[in-house]
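The values are calculated or read from the model by the stated rules, or taken from the named source; none is laboratory data. Predicted model, so just to flag it, every value in this text is computed and none were measured. Reconstructed Cβ throughout: ideal geometry from the backbone, glycine too, with neighbour counts over all protein chains shown. Heavy atoms of the whole protein, side chains included, go into the accessibility calculation; ligands, DNA and RNA do not. Shrake-Rupley method; radii C 1.70, N 1.55, O 1.52, S 1.80 Å.
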Amino acid sequence: MTRQEILDELKKVLAPYTADKEALAKVDENTDLIKDLKINSANLVDIIIDAESKYNIEIDYDSADRMTNVGSCIDVISEKMGQGQV
Amino acid sequence: MSKRVVVTGLGVVAPNGVGVPDFLNSIQNGVSGIRFVPLYEELKFSCQVAGVPLFDWEELRNYISEVSFYGLKARGIGYGLRAALDAWTDAGNEIGSEQTDWDTGIIFGNSIADTDAMKNVISRVDNKEVKKLGSRVVEQAMNSGVTSYISGRLGLGNKVVTNSAACATGTQAILMGYEYIKHGYAKRMLVGSTEHVDTYVFGAFDSMRVLSRKFNDQPERASRPMSDTAGGFVPGSGSAALVLEDLDFALARGAKIYAEVLGGSTNSGGQRGGGSMTAPAPEGVVRCIEDAVKLSGIEPSQIDLISGHLTATLADKFEIQNWCKALNRSGNEFPYVNSLKSMIGHSLSAAGSIESVAAILQIQHGFVHPNINLEDPNPEITNIIGNNCLPTTIVQTDVNIVAKANFGFGDVNSCLIFSKFNN
């Protein structure tokens, strides 16, 4: 999967957790989940669980801590999918 | 200086009506909300009927944010949100203010967190899948979940309390809210209670052999308070909420006023003198009613209507005896008495608040709702109070003062006195 493909899928994972649909439509790799998408920090764990199930991967605690913006989410997801850097 | 407290908003989710207009129509016409539940037959329950609100879960999208709605599963919280937010807007308020409202608090009760939701926790944990539970379980499993969802939606900043006293919960929540305003601690209190009697809680009651079991094929006849054929109660689910308000505050903002809370009392028989975990001590009940009357500054003779606890068990006749003793009224001198449970069953913690909404609607619209399924009143009851006190069809009459009581497991009693508002 390309980074763009992962990003497109990731938007669907994030959708239920943000009320700001305009910000969601405009996401790019620099979009911060909490500051820009106004996602409740408690929901980050739900996003990780949903991503694990969507991509059939396991995200460990240390990797999860890195997932603060869209770019780092894509990094972790592609890494765990065994694709290395894409 | 003590404040007068009035009711300015109502909301209800009941088995026979969701929303005040539907509920009012049902209680005026004796419409039952008791339905057959095929799952209970399959599970070999003795009682296979229940009071089930016809609740459209999707409509909650109009009440809470999309993010909050996503992942909300606990039905008791859904019922409570709907009832509370309806009461809030009924009182003329907006939902979703950006400011914290420091003058308004909430007391909302329930019996038990949703065990259907907890079932998911238990199976995940047992399957070594704890990591998949996510962030939304604790907030829905905690007893203060319903209160927290409501207070968060409305930005309530005064006292935020969750109470629990089994079947006395709802009346107790209203009483505590009344007391906070009366003593000047809050200008407004959103009060009420919710209950979702899920399969597991229902099963536990079924096993106690206290539920109706002879009318599974005629659900609408299954809840029969005060009748000779009363054979146990029918569990029900739902919620109701009231906005209580300092009279001066209500008048200043031009709020419509449904009724006044004159006073009330809550106590316990101490599980002594005939009282136990499951039965109220008569002396405790009598004292509770006497105190409620005294603290309300009325005479027992002024009570027009008793909205009883009256669940359709052996306890009904003892309850009527206790009312007779506490009010020193009997025979045809006894007030009208009705049991909403004949139509909706016993919704445990939610009973007191749903029945209080019914009591206030009877004051507002001038009627006494019928007792359905009372074609065969228990002679041990009609020996002490007149048949005329037990209406089986609607009575159109001025209702000035209603006494509303509930009695819960743990031998906890709670009694409220509502009155027509006269300035």
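For the range B:1-27, filtered to residues that are of a type in the set (A, V, I, L, M, F, W, C) and open to solvent by 10 Å² or more (accessible area, probe 1.4 Å), the residue that is nearest to B:ALA186 (Cα to Cα) is B:MET1. Candidates in the range B:119-145 are the residues that are within 14 Å of chain A (Cβ to nearest Cβ), part of a loop (DSSP other than H, G, I, E, B) and free of Cβ contacts under 8 Å to residues at least 24 places away in the same chain; of these, the one that is most open to solvent (accessible area, probe 1.4 Å) is B:LYS128. The residue that is nearest to the other protein chains (Cβ to nearest Cβ), counting only those in the range B:149-162 that are free of Cβ contacts under 8 Å to residues at least 60 places away in the same chain and either more than 21 Å from B:GLY96 (Cβ to Cβ) or open to solvent by 50 Å² or more (accessible area, probe 1.4 Å) (or both), is B:GLY152. Here B:LYS44 qualifies as surrounded by fewer than 17 Cβ atoms within 10 Å (Cβ to Cβ), modelled with pLDDT of 95 or more and over 18 Å from B:ALA358 (Cα atoms). Residues that are at pLDDT 95 or above and more than 15 Å from B:PHE407 (Cα to Cα) number at least 3 in the following strands (runs of 3 or more DSSP E) confined to the range B:247-343: B:259-268, B:336-338. Taking each residue of the range B:375-388 that is in a helix (DSSP H, G or I) and looking for partners that are modelled with pLDDT of 95 or more and of a type in the set (A, V, I, L, M, F, W, C) with beta-carbon atoms closer than 7 Å, six or more apart or interchain, yields B:ILE381/B:MET226; B:ILE381/B:ILE320.
Inside the range A:16-54, residues that are free of Cβ contacts under 8 Å to residues at least 12 places away in the same chain, within 13 Å of chain B (Cβ to nearest Cβ) and exposed (fewer than 15 other Cβ atoms within 10 Å of the Cβ) make up a count of 4. Among the residues of the range B:380-412, just one is surrounded by 16 or more Cβ atoms within 10 Å (Cβ to Cβ) and among the acidic types (Asp, Glu), namely B:ASP411. Within the range B:51-91, the set of residues being away from chain A (no Cβ under 14 Å) and more than 23 Å from the chain's Cα centre (by Cα) comprises B:GLU58, B:ASN62. Every condition in (1) touching a helix residue (DSSP H, G or I) at 6+ places or on another chain (Cβ under 6 Å); (2) within 14 Å of chain B (Cβ to nearest Cβ) is met by A:TYR61 except one, and the failing one is (1). For B:ALA50, the criteria (1) within 20 Å of B:ARG224 (Cβ to Cβ); (2) surrounded by fewer than 24 Cβ atoms within 10 Å (Cβ to Cβ) hold in every case but one, which is (2). Any residue at all in the range B:233-244 that's touching a Ser or Thr at 6+ places or on another chain (Cβ under 6 Å), crowded, with 17+ Cβ neighbours inside 10 Å and closer than 24 Å to B:GLY184 by Cα? Looking for residues that are touching a Ser or Thr at 6+ places or on another chain (Cβ under 6 Å), crowded, with 17+ Cβ neighbours inside 10 Å and closer than 24 Å to B:GLY184 by Cα, one finds at least one in the range B:233-244, hence yes. Going by the conditions given, is B:PRO370 surrounded by fewer than 24 Cβ atoms within 10 Å (Cβ to Cβ) and out of contact with any Ser or Thr (no Cβ under 7 Å at 6 or more places or on another chain)? In short, no.
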